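Heads up: the structure comes next, in structure tokens.
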Amino acid sequence: MSAVKIGDLKIFVSMFLLLIFFSCSEKAADKKPDSKTEEITFIGLSEIGGQLGFYRVIKVTKDSIHFETGATSTKKHKEWHSAIKQETWKSITSSFKIRNLDSIESSPSIQPIDGIDESFQIKTNKKSHVYVNAHNDIHYNQFARFKQELLKIIPQEYQ
């Protein structure tokens, strides 16, 4: 074989492999759900700080809830997990107005002065939002309602 034919063969194989690579990546992009309505997929709440190293972390998804609490100074730790029903998920997420999530503002951390920081993380199918100490925001009532709904779910011994 001449050097020209080998070079042409290398170019042909390279182009063929690139074509396959790009066609596969386009198909993967097509599989993403393109939902027109934005909905909540995850809610996280954490309260961390204080002299004793207190922490409480709650993670809620469409089908489950995970709760951890404890204090680092006493090395106490409790965990609780549970599946949740679709009605419970709807009740929890109904306290949030998705259109207001972009306008909620965080406040500075109070941990350095021995306070407890409250953080919320809300993920939707389009965005992720994180708020720290949003107590002063006019939309905080959404978070307060969410916390009230959690009290109905989490067993008394973990609250």
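The values are calculated or read from the model by the stated rules, or taken from the named source; none is laboratory data. All values reported here derive from a predicted model rather than from experimental measurement. In this analysis, Cβ positions are derived from the backbone assuming ideal geometry, glycine residues included, and neighbour counts consider all displayed protein chains. Each accessible area value is taken on the protein alone, full model and side chains, heavy atoms only, with ligands, DNA and RNA left out. Shrake-Rupley method; radii C 1.70, N 1.55, O 1.52, S 1.80 Å.
Structure summary
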| quantity | calculated |
| --- | --- |
| Residues of the range 49-71 satisfying the condition of being in a loop (DSSP other than H, G, I, E, B) and either in contact with a Ser or Thr (Cβ under 8 Å, 6 or more places away or on another chain) or among the aromatic types (F, W, Y) (or both) | Q51, L52, G53, K62 |
| Cross-chain or 6+ apart pairs with Cβ under 7 Å, the range 104-127 first and among the charged types (D, E, K, R), then in a strand (DSSP E or B) | D117/I48; D117/G49; D117/V132; E118/E47; K123/T41; K123/F42 |
| Some residue of the range 100-119 being within 22 Å of Q156 (Cβ to Cβ), of a type outside the set (A, V, I, L, M, F, W, C) and modelled with pLDDT of 90 or more | yes |
| Only one of E39, E68 that is within 13 Å of the chain's Cα centre (by Cα), open to solvent by 30 Å² or more (accessible area, probe 1.4 Å) and of a type in the set (D, E) | E39 |
| Some residue of the range 123-135 being closer than 15 Å to K62 by Cβ and open to solvent by less than 50 Å² (accessible area, probe 1.4 Å) | yes |
| Residues of the range 108-122 classified as open to solvent by less than 30 Å² (accessible area, probe 1.4 Å) and not in a strand (DSSP E or B), total | 1 |
| Odd one out for L150, checked against (1) in a helix (DSSP H, G or I); (2) open to solvent by 40 Å² or more (accessible area, probe 1.4 Å); (3) modelled with pLDDT of 90 or more | (2) |
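Table: residues versus (1) not polar (S, T, N, Q); (2) not in a loop (DSSP other than H, G, I, E, B).
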| position | (1), (2) |
| --- | --- |
| S73 | no, no |
| H77 | yes, yes |
| H81 | yes, yes |
| W89 | yes, yes |
| I92 | yes, yes |
| F96 | yes, no |
| S106 | no, no |
